1. Select from region 215-251 the residues that are assigned to a helix (DSSP H, G or I) and at pLDDT below 90 and write down the one among them that is farthest from the chain's Cα centre (by Cα).
2. Within region 16-38, which residues are hydrophobic (A, V, I, L, M, F, W, C) and open to solvent by 50 Å² or more (accessible area, probe 1.4 Å)?
3. Against the conditions (1) closer than 20 Å to I105 by Cβ; (2) open to solvent by 10 Å² or more (accessible area, probe 1.4 Å); (3) of a type in the set (A, V, I, L, M, F, W, C), where does F183 fall short? Just the number, please.
4. Residues of region 189-204 being of a type outside the set (A, V, I, L, M) and either in a helix (DSSP H, G or I) or closer than 15 Å to L139 by Cβ (or both), which ones?
5. Of everything in region 536-560 that's farther than 26 Å from R370 by Cβ and touching a helix residue (DSSP H, G or I) at 6+ places or on another chain (Cβ under 8 Å), which residue is modelled with the lowest pLDDT?
6. Looking for whichever is free of Cβ contacts under 8 Å to residues at least 60 places away in the same chain, surrounded by fewer than 16 Cβ atoms within 10 Å (Cβ to Cβ), over 37 Å from the mean Cα position of the chain (by Cα) and under 24 Å from R155 (Cα atoms) here; the options are G54, G82, G69. Which one fits?
7. Open to solvent by less than 30 Å² (accessible area, probe 1.4 Å) and within 22 Å of L418 (Cβ to Cβ), is that true of L236?
8. Could you give me the residue pairs with C-beta distances under 8 Å whose first residue belongs to region 297-318 and is more than 20 Å from L274 (Cβ to Cβ), whose second residue is part of a helix (DSSP H, G or I) and open to solvent by 80 Å² or more (accessible area, probe 1.4 Å) wherever it lies, and which are 6+ apart or on separate chains?
Amino acid sequence: MNLIHFTKRRCGAFILLGVLTYCFVYAMAFIQLYSKDHPYIVASEWIFANVPKGSRISSPHWDDKVPVGIPGKDTAIYQMNGREYELPVYERDTPQMIEMIVRRIAASDYLTFATPRAADSIPRIPNEYPNTTALLRLLWGEKLGFSLAYATKNRPSFLGFTFNDDLADESFSVYDHPKVVVFKNEERLAPEQILERIVNVALYEPLPTMNEMLLMDRGGWVPSRSLWRPEWTSYLMALGVAVVLGLSALTLVGRGFKRLPDCGIGLCVVIGVLGTALIAWACSFLKLVPLTRSGGSFVILLVVVLALLKLLLRECTRRRIASALRSHGFGAIAAVCIGAIVVVVMRSSDATLVDPSESVEAAYLSYLVRNEDSLPVDLFQPDQRLPVAFADRFALGWLLKIIGTPMETVVNTSFVVLGAMLAGALYTVLVTILVRSRPALVGVLILIIPLVYGVHIAREATNKPIVAKVDQRNLVGNEELAWWISREISATPVLVEACDQEQSVQVAISVRLPSFKDTTSGGRERLCSLDDPEQVFREMMALRLELFVTPSADVALSPTARSRYEKFSSRPDLFALVFDNRRLALFVPSFSRYYPRAVPS
C-alpha cells in the first residue's frame, strides 16, 4: 500500500523524468550525426568505387546531385552535369513531360536521388501527378529495369538507441542526414517499354507505398504480408465515428427517450449520424460551413464538444448517461458492432447485395461522396434536385467523405454504417419489448440479416432504371454501350454526356452512371466545343472526369464532334478508344484508372 501511495504522489515526477530522459537521449543521438561523414560524402565514395568512368548519371531537378567532389576524385569522370541529365519530375504531369523523363531514364546508366524529396512529395498528390507517381513507385519496386544498388543515411543513435526518422518532416530528416539512393540500369528497357509500364501501372501491382519507399534501405522489395486489409481501416473509422455520434446524441437529446428501458442508446446511433449530417447540410445551405471534408470534420467536432460541455455542466445528464451506460452500454455497442460485422460478411459473400456495376446505389454514393453542393442534383434528371427520399444516401456519402473513404470501398463502408444504424435501432426496439439486454442481443443477431435484405429489396424497388424516350436507332446504340460498361467498368466514374444535344441525357440514363452537367461554369459546353485532344485532356483532368462519350464520326451531327472523334483516335498517348459501335464512342483518358484496361472493342 505504501508503494502504491508513493507512486500516486510521485506520478507527475515520474512522467516529467521520463520526458526529460527521452529528450536528453534524442538530443545526444542527434548531435552524434555531426561526428560522422555526411551521406553525400559516403555515397560519393561508394559511387567512385563502384560506378565505371563515363557512366551516364541522371537525377531529379531542384535537388542536389551525387556524387560530389571528394579529395582525389572529380565528378568530371561521369556524364552528369547538364539539363539533359536532369529528370523534371516536378514539372506538370503531361504526356510530353513524361516522355522526356522516360527517354532520359532509359538512356541513363544510374539514377541517383540525393534526398527523398521526390518520393516524399509527389506520391502525396497522385491526382495531379498520376504518371510521375506511377514512375516512382515502379522504380522503387524495381519494375522499370533498375535495381536499388545502394542506399545510405546517418540515423540519430546514442548508447545503442537508434531513431529511424525516415518518415519525419524534411526539417528533421533531410538537411543534416538525407537518405541517398542509387539505382542501376540492369535490363536496359527501351523508352516505349518504360512508358508502357507507367501507363499500365495497375498490371504491376503490388508496388511499394510512399512510406515503404522512404523506409527502403536495400533492393529486392517484397510486399508486406500483413494480415490487416486496407479497407478495414475505413470500416473501423466509420464504425467509430458512428458510435461517437451516437453517444453525443444520447447526451444532447437522449432525455427525450428516458422512458425507454435503454434510454434510446441504440436508437441514438441513427439519430447521431442522420442528425449531424442534417446540421452539416443546414450550415452549408446557410453558407456558414462548406460541405467539404474539413467543414464536416468541424461540424462533428462541434457536436462532440457540445455533448462534452453538457456532461460537464449538468449533473442530471451525467447521472442519466452513467445509468444508461451501466445497464445497456455494453449491449448497445455490442449490437452496433454485430450489425456492422454481419453486414460486412453478407456483402463479402453476396456481391449482388449492391453490385456497383448493376445498381444506381453505387452511382449515387460515389456522387454524394464527391458532392459539395447543399442542393445536389438528381444524376438521371440533372434539371431537378435530388429527391428527399435520398437523404439517407446523402448522410452516408457525407460521413464517408469525412473519414476519407477511398472510392473503391465506398459501397462496402456504407454497408458498415448502415448495419450499425439498423442494429442500434433494432436493439432499442427489442430491449423495449423484452426489457432485458441479453435476449435483445440474440434478437439483433438473428434479425439483422433479414432486415438488411428487406432494406435492400425496398431500395431496389425504388431504383428501377428510367426508360428514355428516344428513337430505336439511338436506343440500341445506348444499350450496347450500357452493356459494355457494366461488363468492363468495375466502379462508377463520372460520365461526360454525349455532346450532341439529342443524345446527351439518354446516354447517361442508359448506362446508369452519373452524367456531368456543370451549369454554373459551363464545363460541359466548354468540353463539347473543343476538338483539340490536349485541351480536352487537361479539362477532364481538372474536372476529374474519367470517361468521355461522344457520337462516332459516322453519325456526329456537328463538324466539331466529327473532328473530335478523329483527333482523339489519333492520340493514343492521351485517349484510348475502348468502345465504338459506329453510333457512340467511349474514350478513356490516360490518367484514368480505367486506361490500363482499355482494349479496343
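1. So the residue we want is L215.
2. Step one: list which residues in region 16-38 are hydrophobic (A, V, I, L, M, F, W, C), which gives 16-17, 19-20, 23-25, 27-31, 33.
Selection gives L16, L17, V19, L20, C23, F24, M28, I31.
3. So F183 meets the others, but not (2).
4. Those that are of a type outside the set (A, V, I, L, M) and either in a helix (DSSP H, G or I) or closer than 15 Å to L139 by Cβ (or both): P191, E192, Q193, E196, R197, Y204.
5. Across region 536-560, the extreme among qualifying residues is L557.
6. When all the criteria are applied, what remains is G69.
7. On the way: open to solvent by less than 30 Å² (accessible area, probe 1.4 Å): no; within 22 Å of L418 (Cβ to Cβ): yes.
Judged against the criteria, L236 is not a match.
8. L311/R318; T317/R255
The values are calculated or read from the model by the stated rules, or taken from the named source; none is laboratory data. Keep in mind that what you see is a predicted model, and the values were worked out from it rather than measured. Cβ: placed from backbone, ideal geometry, glycine included. Neighbour counts: every protein chain shown. Ligands, DNA and RNA are excluded from the accessible area calculation, which covers all protein heavy atoms including side chains. Shrake-Rupley method; radii C 1.70, N 1.55, O 1.52, S 1.80 Å.
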